[in-house]
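Please read the structure below before turning to the comments.
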Amino acid sequence: MRLKGKTAIVTGGASGFGAGMVRKFIAEGARVMIADINGNAANALAAELGSAAVAQTVDVSDGTSVQAMADAALSAFGHLDILVNNAGVTHMPTPLEDVSEDDFDRVFRVNMKSVYLTARALVPHMKDRKQGVILNIASTAGVSPRPRLNWYNASKGWMITATRTMAVELAPDGIRVNALNPVAGETPLLKSFMGEDTPEMRAKFLSTIPLGRFSQPEDMGNAACFLCSDEAGMITGVAMEVDGGRCI
Ligand SMILES: NC(=O)c1ccc[n+]([C@@H]2O[C@H](COP(=O)([O-])OP(=O)(O)OC[C@H]3O[C@@H](n4cnc5c(N)ncnc54)[C@H](O)[C@@H]3O)[C@@H](O)[C@H]2O)c1
């Protein structure tokens, strides 16, 4: 019960890595808001997990919606210990000059602007309490980028820099800020990164991962649980690879 008594919001918590973190946090004693634009999936997961889970429909790229999420979490839990900025999207693998402006704007709003919006809504609360943990789900794409995913890669590089500067600015207020850099993972998003889900494409991706497998939602749950627990009380500003050695 390493998160006993803690409360958390996981954005994009209804699917993939987010759901893996929600499940682990609840298993370790936390109460968790599953905050997702897919309200039906958030409700279904909350129903499965019982009274420790609360579902909230949110568009993390919209300031009004994010404020409503923050208000709902504080009303449900009374306080917030952990914020996980996990919701993210990509454009399809495309030459960088051919990505549509709509796709660029969507990646910008969901992957980057959301980190500002959730900070605006919840950092004042954490500052008042002189404690809090923020975890940003970035990517190995921000460290060791592949071609044809340029604007997605850049959004994750931005997230890593935001993590480091948030960490140094918020440290005097007792707030820790870290990131995870997952490698390609078995989630619904994987197909979008690969372009096509074929045995050949899977083999190509796997050949770059020394441990020889894709990451799993459970891997992100375990790493996130550690970084968000009091065991990581001296750790802030890191962007930790969960990548089977891909970035070596
Ligand atoms: N899967 C991978 O290979 C991989 C690798 C590295 C990093 N990541 C990152 O991990 C995070 C989670 O990805 P995943 O693979 O679990 O994807 P996923 O598609 O399985 O889950 C993403 C969730 O975010 C939600 N979402 C999308 N837009 C939203 C919005 N505007 N507001 C609220 N919720 C929204 C979706 O409904 C979905 O439930 C993303 O930030 C992604 O960039 C994924």
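Here are the numbers:
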{"item": "Calculated from backbone phi, Karplus (6.51, -1.76, 1.60) coupling profile of segment 192-201 in Hz, x at Gly/Pro", "result": "5, 5, 7, x, 9, 8, 10, x, 5, 5"}
{"item": "Set 6/127; 24/113; 4/113; 156/191; 4/127; 6/113 screened for pairs whose C-alpha atoms are more than 24 Å apart", "result": "24/113; 4/113; 6/113"}
{"item": "Cα principal axis extents for segment 7-242, largest first, Å", "result": "49, 38, 35"}
{"item": "Computed magnitude of the charge dipole of the chain (debye, nearest 20; Cβ of K, R +1, Cβ of D, E -1)", "result": "600"}
{"item": "Mean separation of Cα contacts under 8 Å, 6 or more apart, over the residue count of segment 173-244: relative contact order %", "result": "57"}
{"item": "Sorted peptide list for 132-139, 166-173, criterion being average Cβ within 10 angstrom, highest first", "result": "132-139, 166-173"}
{"item": "Among 25, 17, 226: highest mean-square fluctuation, GNM of the chain, C-alpha pairs under 10 Å", "result": "226"}
{"item": "Separation of alpha-carbon centers, segment 116-178 and segment 207-232, rounded to whole Å", "result": "18"}
{"item": "Heavy-atom accessible area per residue - segment 7-242, 1.4 Å, Å²", "result": "43"}
{"item": "Rounded percent of accessible protein surface that carbon and sulfur make up, the chain, 1.4 Å probe", "result": "54"}
{"item": "Rel. contact order, % - alpha carbon contacts under 8 angstrom, at least six apart, segment 68-181", "result": "32"}
{"item": "Nearest-ten-degree value, helix 114-129 long axis tilted from longest Cα axis of the chain", "result": "30"}
{"item": "Cα lying deepest toward the dipole's positive end in segment 26-137, options 108, 57, 132, charges on Cβ", "result": "132"}
{"item": "Per-residue ³J(HN,Hα) for segment 211-227, Karplus 6.51 cos²θ - 1.76 cosθ + 1.60, θ = phi - 60°, Hz, x for Gly and Pro", "result": "6, x, 8, 6, 6, 10, x, 5, 4, 6, x, 5, 5, 5, 4, 4, 5"}
{"item": "Percent RCO, i.e. relative contact order, over segment 7-242, from Cα pairs under 8 Å lying at least 6 residues apart", "result": "22"}
{"item": "Packing rank of 93-99, 6-12, where each peptide gets the mean count of other beta carbons within 10 Å, highest leading", "result": "6-12, 93-99"}
{"item": "In sequence order, calculated HN-Hα J values of segment 75-90 (Karplus, 6.51, -1.76, 1.60; Hz; x Gly/Pro)", "result": "5, 6, 9, x, 7, 10, 9, 10, 10, 10, 8, 10, 4, x, 9, 9"}
{"item": "Sequence-distant residues sharing a close amide H with residue 240 (under 5 Å, placed H)", "result": "179, 180, 181"}
{"item": "Simple spin-label estimate for residue 171 and residue 105 in nanometres, 7 Å along Cα-Cβ", "result": "3.9"}
{"item": "Built amide H within the under 5 Å cut-off of residue 55, gap 5+", "result": "34"}
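The values are calculated or read from the model by the stated rules, or taken from the named source; none is laboratory data. What you are looking at is a predicted structure, and each value in this text was computed from that prediction instead of being measured. Reconstructed Cβ throughout: ideal geometry from the backbone, glycine too, with neighbour counts over all protein chains shown. Accessible surface is based on the protein model in full, side chains and every heavy atom, while ligands, DNA and RNA are left aside. Shrake-Rupley method; radii C 1.70, N 1.55, O 1.52, S 1.80 Å.
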